[in-house]
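J.: One structure is given below, represented as structure tokens, and several questions about it will come after.
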Amino acid sequence: MVALPTLPNISISGTLLERGLRSLVGAWRGIAGGDDTAQLARDGLSDAKDTERLRGLFADCLEARGGEVSARARAASLGRLYLGLDDAGKRSFLQVLASGFAADEGTLDKAIAEVQRAAEPLTRHKAQRSLRLALTPPRQRLLTQFTALPQGVKFLVDMRADALRFRKEAPELAIVEADLEDLLVGWFDIGFLELQRISWNSPAALLEKLIAYEAVHAIESWDDLRNRLDADRRCYAFFHPRMPLEPLIFVEVALVKGIAGNVQTLLDQATPVLDPKDADTAIFYSISNTQVGLRGISFGNFLIKRVVDDLSRDLPNLKQFSTLSPIPGFRAWLEETVAAGTPDLVESKAREELTHALGQRFSKGMLPGLLKDHAWTENAALAEALKPVLLRLCARYLLTATDKAGKPRDPVARFHLSNGSAVHRLNWMGDRSRNGMKQSAGLMVNYLYRLDDIDQNHERFVRDGTIAASGEVKRLADF
């Protein structure tokens with residue numbers, strides 16, 4: 001295999017962003033025609049006069065004068081303005097949108113009264129339709145106009161990402177962000193999405209995006225990517241018809257013998273390629289959401305089930321479907337638990353072994369400090385003494401630690417358990433990367449998707465929070 005040049009994530013991500021921006025600005029220039037927003041773009045919406053002029057442009061868009069072509073031209077002009085602004089200008093743009101163009105109170109009160117007065121079913125239905133229209137703020141109608149433009153849906157997804165990013169310093173943008181979410185939830189219904197397999201023969205622009213968007217185990221080079229798309233690997237993604245080269249979420253799968261317990265071994269480029277027909281297990285080792293603007297709109301549960309169905313059909317020799325997953329919140333939880341003085345964190349036998357390995361008396365308060373760097377992994381006696389302690393505490397973390405809503409605190413656990421999996425096995429030194437050590441002291445977990453149990457596990461988890469787990473994991477947690 002000829003080695004291709006290393007292509008770091010950060011440079012690809014920046015290149016893609018710049019390329020996408022140039023593409024949109026160029027595509028919309030011809031639609032916008034004579035652009036009357038150039039001065040606003042140059043000024044950056046810097047004063048009250050600029051914002052009032054922008055408010056007028058919004059109002060012009062809503063009036064829909066001149067037919068569909070004119071409406072598209074006005075929307076393209078506004079879109080080009082937005083794309084040309086810096087963060088401060090974009091924030092001002094969204095603030096102007098948030099500060100007006102809400103549902104008219106008078107029209108809304110009248111519509112409510114009509115519903116309350118309506119007695120006949122047909123009259124009541126008509127009144128309810130009028131109420132739904134009255135509840136739709138003009139702001140949403142204005143935003144919808146961008147969908148008529150090339151890549152307009154992607155533009156709105158990115159606009160919501162901006163609104164989410166600016167909300168901390170400008171809370172009023174929650175109004176625009178919520179309106180955008182309402183629109184996107186409908187447009188990104190699972191029924192509209194297409195599942196596609198990504199291969200080495202997929203368009204280069206799409207392969208670049210895999211490298212840029214990979215959020216779990218960074219893709220270090222083109223050789224690394226090619227290895228992840230080899231014959232004994234699979235990659236699937238959901239796409240929206242209006243964003244054909246933008247994966248919304250993708251999953252990487254390794255076809256192996258037995259359940260894998262170490263991600264470095266799994267991704268080792270020197271490992272011989274396995275004939276997929278000889279594999280008995282599919283390992284889901286990375287799932288990445290790609291669009292910040294679609295936060296809160298979940299596709300992952302459908303993705304897992306669809307991929308399991310596809311793999312079961314194409315490779316009937318596969319008998320097990322499991323993840324090899326990170327445990328991103330374990331170390332943080334452990335530090336908080338130690339600081340809180342929680343009793344019985346370290347059993348007496350383990351304390352004795354740790355005291356012997358350290359050459360000094362061990363106390364549980366020392367535990368977070370021991371894990372702060374990787375030196376403990378080079379001390380065989382210390383690592384061996386820590387192993388049962390960390391495995392036991394990690395099992396407790398996964399089975400008992402909850403967030404304020406009473407759901408599993410670990411986000412990866414929450415995702416897989418809600419999809420019907422079971423906590424199957426903890427893997428010591430499953431991820432020795434810097435990130436793996438920082439997040440979970442190198443521990444990884446297998447969530448098992450047993451086809452006969454998925455629906456029952458899902459129902460019990462959703463109904464009363466019951467976590468399906470193997471006897472091995474329960475014993476580790478002293479359950």
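The values are calculated or read from the model by the stated rules, or taken from the named source; none is laboratory data. It should be emphasised that the depicted structure is a prediction, and the values quoted were computed from it without experimental measurement. Neighbour counts are summed over all protein chains in view; Cβ atoms, including those assigned to glycine, are modelled from backbone coordinates with ideal geometry. In case anyone asks, the SASA skips ligands and DNA or RNA and just uses the protein heavy atoms, side chains included. Shrake-Rupley method; radii C 1.70, N 1.55, O 1.52, S 1.80 Å.
J.: Restricting to DSSP loop positions (anything but H, G, I, E, B) with no more than 14 other Cβ atoms inside 10 Å of their own Cβ, which GluC sites (Glu not before Pro) remain in the range 295-356? List each step's numbers first, then the result.
T.: On the way: sites: 335, 336, 347, 352, 353; in loops: 347.
Listed in order of number, the matching sites are 347.
J.: Once both axes come from the Cα atoms, what is the angle between helix 300-314 and the longest principal axis of the chain, in degrees from 0 to 90, rounded to 10?
T.: Taking Cα atoms only, the helix is inclined about 70 degrees.
J.: With an 8 Å cut-off on Cα pairs and a minimum separation of 6 or more residues, tell me the relative contact order of the range 67-213 in percent.
T.: Details: 87 pairs, mean separation 35.6, N = 147.
Value for the range 67-213: 24 percent.
J.: In addition: Quick one: compute the contact order of the range 133-219, relative version, from alpha carbon pairs under 8 angstrom and 6+ residues apart, as a percent. Mind showing how you got there, number by number?
T.: Values: 31 pairs, mean separation 17.7, N = 87.
Value for the range 133-219: 20 percent.
J.: Oh, and also: Express the carbon and sulfur contribution to the solvent-accessible surface of the chain as a percent, rounded to the nearest whole number, probe 1.4 angstrom. Present the calculation step by step, with values, prior to reporting the outcome.
T.: Numbers: 12020 of 23310 Å².
C and S atoms contribute 52 percent here.
J.: May I ask you to list the lysines whose Cα is less than 30 Å away from that of residue 90, ignoring any residue fewer than eight positions away on the same chain?
T.: 49, 154, 168, 209
J.: Turning to a different aspect of this structure: If you average over every viewing direction, what projected area does the convex hull of the Cα atoms of the range 372-448 give, in nm²?
T.: One quarter of the hull surface, i.e. the mean projection, equals 5.4 nm².
J.: If you place +1 on the Cβ of every Lys and Arg and -1 on the Cβ of every Asp and Glu, how big does the dipole about the Cα centre of the range 274-377 come out, in debye to the nearest 20?
T.: On the way: 12 positive and 13 negative charges, 51 e Å.
Once rounded to the nearest 20, the dipole reads 240 debye.
J.: Along the charge dipole of the range 217-338, Cβ charges K/R +1 and D/E -1, which of 229, 265, 297 sits furthest on the positive end?
T.: With unit charges placed on the Cβ atoms, the residue in question is 297.
J.: Just how many % of Cα pairs in the range 62-130 lie over 18 Å apart, if you round to the nearest whole percent? Walk me through the intermediate numbers first.
T.: Numbers: 1475 of 2346 pairs.
The proportion of pairs with Cα distances above 18 Å equals 63 percent.
J.: For residue 278 and residue 49 in one chain, what is 0.36 nm times their gap in residues minus the Cα-Cα distance, to one decimal in nm? Kindly include the intermediate steps, with their values, before the conclusion.
T.: Numbers: separation 229, 0.36 × 229 = 82.44 nm, distance 6.97 nm.
Separation in residues times 0.36 nm, less the Cα-Cα distance, equals 75.5 nm.
J.: If I stretch the segment between residue 110 and residue 310 completely, what's the gain in nm (0.36 nm per residue apart, minus their alpha carbon distance), one decimal?
T.: Working: separation 200, 0.36 × 200 = 72.00 nm, distance 5.22 nm.
Gain in length upon complete extension: 66.8 nm.
J.: Straight-line reach from residue 126: which lysines fall under 22 Å, measuring Cα to Cα and dropping same-chain residues less than 8 apart?
T.: 110
J.: How far, in nm, would the chain grow between residue 378 and residue 147 when pulled straight, counting 0.36 nm per residue and subtracting the alpha carbon separation? Let's see the in-between values first.
T.: Details: separation 231, 0.36 × 231 = 83.16 nm, distance 5.65 nm.
Once the chain is fully extended between residue 378 and residue 147, it gains 77.5 nm.
J.: Another question, then. Using only DSSP helix segments of four residues or longer, with each worth -39500 (n - 2.57), what per-residue ellipticity at 222 nm results for the chain after dividing by its residue count and rounding to 500?
T.: Numbers: 22 runs with 254 residues, N = 479.
For the chain, the value works out to -16500 deg cm²/dmol.
J.: Additional query: Rg(Cα) of the chain divided by 2.2 N^0.38 Å? List each step's numbers first, then the result.
T.: Values: Rg = 26.8 Å, N = 479, 2.2 N^0.38 = 23.0 Å.
Ratio of Rg to 2.2 N^0.38 Å for the chain: 1.17.
J.: Okay, next question. Between the helical axis of 48-63 and the dominant principal axis of the chain, each derived from Cα atoms, what acute angle in degrees is found, rounded to the nearest 10?
T.: 80
J.: Here's something else I'd like to know. In percent, what relative contact order does the range 381-464 have, based on Cα pairs under 8 Å that are 6 or more apart in sequence? Mind dumping the intermediate values first?
T.: Numbers: 90 pairs, mean separation 22.1, N = 84.
Reported relative contact order: 26 percent.
J.: Would you calculate the separation in nanometres between label points at residue 360 and residue 402, each defined as 7 Å from the Cα along the Cα-to-beta-carbon direction?
T.: Computed distance between label sites residue 360 and residue 402 equals 3.9 nm.
J.: Diagonalise the Cα gyration tensor of the range 224-306 and give the resulting equivalent ellipsoid semi-axes, square root of 5 times each eigenvalue, largest first, whole Å. Please list the in-between numbers first.
T.: Details: eigenvalues 139, 34, 28 Å².
Equivalent-ellipsoid dimensions as semi-axes: 26, 13, 12 Å.
J.: Kindly rank 323-331, 367-375, 276-284 from highest to lowest mean number of other beta carbons found within 10 Å of each residue.
T.: Working: 323-331: 23.7, 367-375: 14.3, 276-284: 18.4.
The densest-packed peptide leads the list: 323-331, 276-284, 367-375.
J.: Just the accessible area per residue of the chain, please: how many Å² with a 1.4 Å probe?
T.: Numbers: 23310 Å² over 479 residues.
Ligands and nucleic acids excluded, the figure is 49 Å² per residue.
J.: While we're on this one: Mark the label point 7 Å from the Cα of residue 302 along Cα→Cβ and return the residues of the range 194-211 whose backbone N is within less than 19 Å of it.
T.: The answer is 194-198, whose backbone nitrogens lie closer than 19 Å to the label point.
J.: Let me ask something else. Could you work out how far helix 330-339 tilts from the main Cα principal axis of the chain, as a 0 to 90 degree angle to the nearest 10?
T.: With both axes taken from Cα atoms, the answer is about 70 degrees.
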